[in-house]
Structures are given as structure tokens and as C-alpha cells.
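Q: Mind having a look at this structure? Questions to follow.
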Amino acid sequence: MQDIDINKATEPYEYYLKFIKENCRPDNRRLSDIRPCNVTTNCINTVNGSSLVKLGSTNVICGINARLCRPKEDRPNKGYIVCNVEVPALCSSKNFKSSTQSSSFSQSSVSSSTIEQTQAMLSQLMQDILTESKCINEEELCIKVGKLSWVLFIDLICLNNDGNVQDACCVAMVSALKNLRLYQIEYNEEEDKTVVKYPLEYRSLILYNEPVLTTLFAIEENILLTDPNKQEEDFMKTFVHICTLDSQKICLIRKLGGFCLKIEQLNMCITRALDNGKYIRENVYKNKY
């Protein structure tokens, strides 16, 4: 046991490969397994919708604030959504680089990014998931064409980063949207003002799809693993994001950096993502609502 601990500290990659050759990982997961995922909803009483997700030891909290605004001129009949992800340096024992320490960006590993780059990349990824999945009809956020609409500010904060923050963010975002409540409001054209009904009446936002993001990564050309923890992210040579809508539909595939994947490897990634999406919808989303 002492020799194993020494090898883990001095040669972590070789130590890790010993487990991979036995088709398992040091945390007793199979190569295709994700960590336990738990969701707590309505955990913040100052916002319109919220959730706390625990994916293994990775914790992400999401809060959604709904605000009234004038629709954009090029989309007068729609509201809009703004996503923002924060990954503070304090949420991980392996601190990110600051923007002053590194001016280069390697897409082959999340851990090589600066804090600012990581946050920008995750924020855009969440925005793309909402857009590509079409889970929200933005026309339903409009109260009066050209005059008044809802804007949803989705803020996601990583409380503890033990790897795969992006998958946890997606679950947290969808979970918060599922328990989002908007109060009923009308627009009085004659007086040019908003009218709030009292006592307050609330309505839920309809989600037309429930996107689930699955991250897979490769540490060698023939070894693919699902749901990387923080240590595994340091080893990965390339990774793939796949967002599924149900057991057959995919809305987003994104591969960043590293070597090319063979067709059979990509098919394996898709199969795992579809299976993971089905599991999350049946055991995480449905159990909470």
C-alpha cells in the first residue's frame, strides 16, 4: 500500500494507467461511468429559480433572475437570456492561472486555461446549449411586442471544482429553469406602463426539451472515459462535448484540441452520451419535479 501511494505521488500518470488497463479507474468507476449526481432545487429564495448540483465532489449553484426590459429592436417579439459562469480560483486546490500569467490558450485541456478564458468558454457553451436545444421559446418571454419582455439572467457559480464543471453547469441550469416562476404581468398601452396583478400570480416556463451535456475525454488514442474528475482533466489529450435531447436526438457536438477521433470512437462517444442523457432525465430531472 505504501508503494502504491508513493507511485501515485511521484508518477501519477503511470499510476492511473495501471487502473485503466484493468478497465476501471482509481475511484472504482468503469470507464463509461459518471459520478453520483444529486440536485437540490429552490435553494435560493431571492431569485426566480435556483438549484444546487453535486456531481461527485464538483458543486455548482445556479440562480436565475427575471427582469423586465424592452425587447431588442431586431427581435421585438422575443425576450432573451444571458448566461454567466463563474469558476473562482478558490473552488479548486489546483488554482487556475491568472490572465497575467499566461497569454496562450490550449484547447486540449480545461486546466491549461486562465480563469477568464475558462469562464468565457463555459458561459458561451451554456448559451449555445440553450440556443441549439431550443428548450425555451423566447417568444413566450415577450409580454408586449416591441414594448416589454422578460430577460433571464442565468448565473452559475462553481463552489467546488473536482472536474467536469460544464456537465454540472448544464444540469444546474436546466434544473433551475424547470422550477423558474414568473409573476403574471400586463402592459397597459393607454397609460404606457406595466400592470402587476395582486395578489401575485405565478406561471412556470415551459421547457420543450431537457438538454443533458456529456463530456468524454481521451488520455490515449484508444482510451475514452466519461465524466473526468480534476486529476483526469490534467491527463487528457482531447475531449468531446455532446449534448443530447432524448434517447435519439443530439443538438450539439464539440471537440476541442488533441488528436482526431476515429469513426468508431465518435460512435462510442455518442452512444455513451445518449445513455447518460437518459439516465439524468429519468433519475435526476424527473425525481425533482
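The values are calculated or read from the model by the stated rules, or taken from the named source; none is laboratory data. Source: prediction; values computed, not measured. Neighbour counts are summed over all protein chains in view; Cβ atoms, including those assigned to glycine, are modelled from backbone coordinates with ideal geometry. Remember, those area values only see protein heavy atoms, side chains included, never the ligands or the DNA or RNA. Shrake-Rupley method; radii C 1.70, N 1.55, O 1.52, S 1.80 Å.
Q: Do the alpha carbons of any pairs in K78/K249; K78/K286; K230/K286; K230/K255; K134/K262 sit beyond 22 Å of each other, and which pairs? The partial results should precede the final answer.
A: On the way: K78/K249 26 Å; K78/K286 29 Å; K230/K286 28 Å; K230/K255 19 Å; K134/K262 29 Å.
Result: K78/K249; K78/K286; K230/K286; K134/K262 exceed 22 Å.
Q: Could you tell me the largest-minus-smallest coordinate of the C-alpha atoms of region 213-252 on each of the three principal axes, in descending order and whole angstroms?
A: 30, 21, 13
Q: Quantify how much of the Cα-Cα distance distribution of the chain extends past 33 Å, in percent.
A: 28 percent
Q: Shifting gears a bit: Report, to the nearest 10°, how far helix 263-280 tilts away from the longest principal axis of the Cα atoms in the chain, using its own Cα long axis and a range of 0 to 90°.
A: 50 degrees
Q: Would you mind getting the accessible area per residue of the chain, heavy atoms of the protein chains only, 1.4 Å probe, in Å²?
A: Numbers: 14640 Å² over 289 residues.
Ligands and nucleic acids excluded, the figure is 51 Å² per residue.
Q: Continuing with this model, one more query. Measure off, as a whole percent, the carbon and sulfur share of the 1.4 Å-probe accessible area of the chain, all protein chains present. Please list the in-between numbers first.
A: Values: 6920 of 14640 Å².
Summing carbon and sulfur atoms, their accessible area is 47 percent of the total for the chain.
Q: Also: Kirkwood hydrodynamic radius, computed over distinct alpha-carbon pairs, for region 145-289: how many Å, to one decimal?
A: One decimal place: 17.9 Å for the Kirkwood radius.
Q: Oh, and also: Taking the highest mean first, how do the peptides 231-239, 131-139, 28-36 order by number of other beta carbon atoms within 10 angstrom per residue? It would help to have the intermediate numbers written out before the result.
A: On the way: 231-239: 20.0, 131-139: 17.0, 28-36: 14.4.
Descending packing order for the listed peptides: 231-239, 131-139, 28-36.
Q: How much length, in nm to one decimal, is gained on full extension between T46 and L31, taken as 0.36 nm per residue of separation minus their Cα-Cα distance?
A: Using 0.36 nm per residue and subtracting the Cα-Cα distance, I get 1.4 nm.
Q: Something else about it: Can you order the peptides 168-174, 43-49, 259-265 by their average number of other Cβ atoms within 10 Å per residue, highest first? Don't jump to the answer; show the numbers that get you there.
A: Numbers: 168-174: 28.3, 43-49: 16.0, 259-265: 11.6.
Going by the mean number of other Cβ atoms within 10 Å, highest first, we get 168-174, 43-49, 259-265.
Q: Another question about this same structure. Å³ per residue of the Cα convex hull, for region 116-194?
A: With only Cα atoms used, region 116-194 gives 127 Å³ per residue.
Q: Please give the direction-averaged projected area of the C-alpha convex hull for region 9-88, in square nanometres with one decimal. Don't skip to the end; give the middle numbers.
A: On the way: hull surface 38.4 nm².
Result: 9.6 nm².
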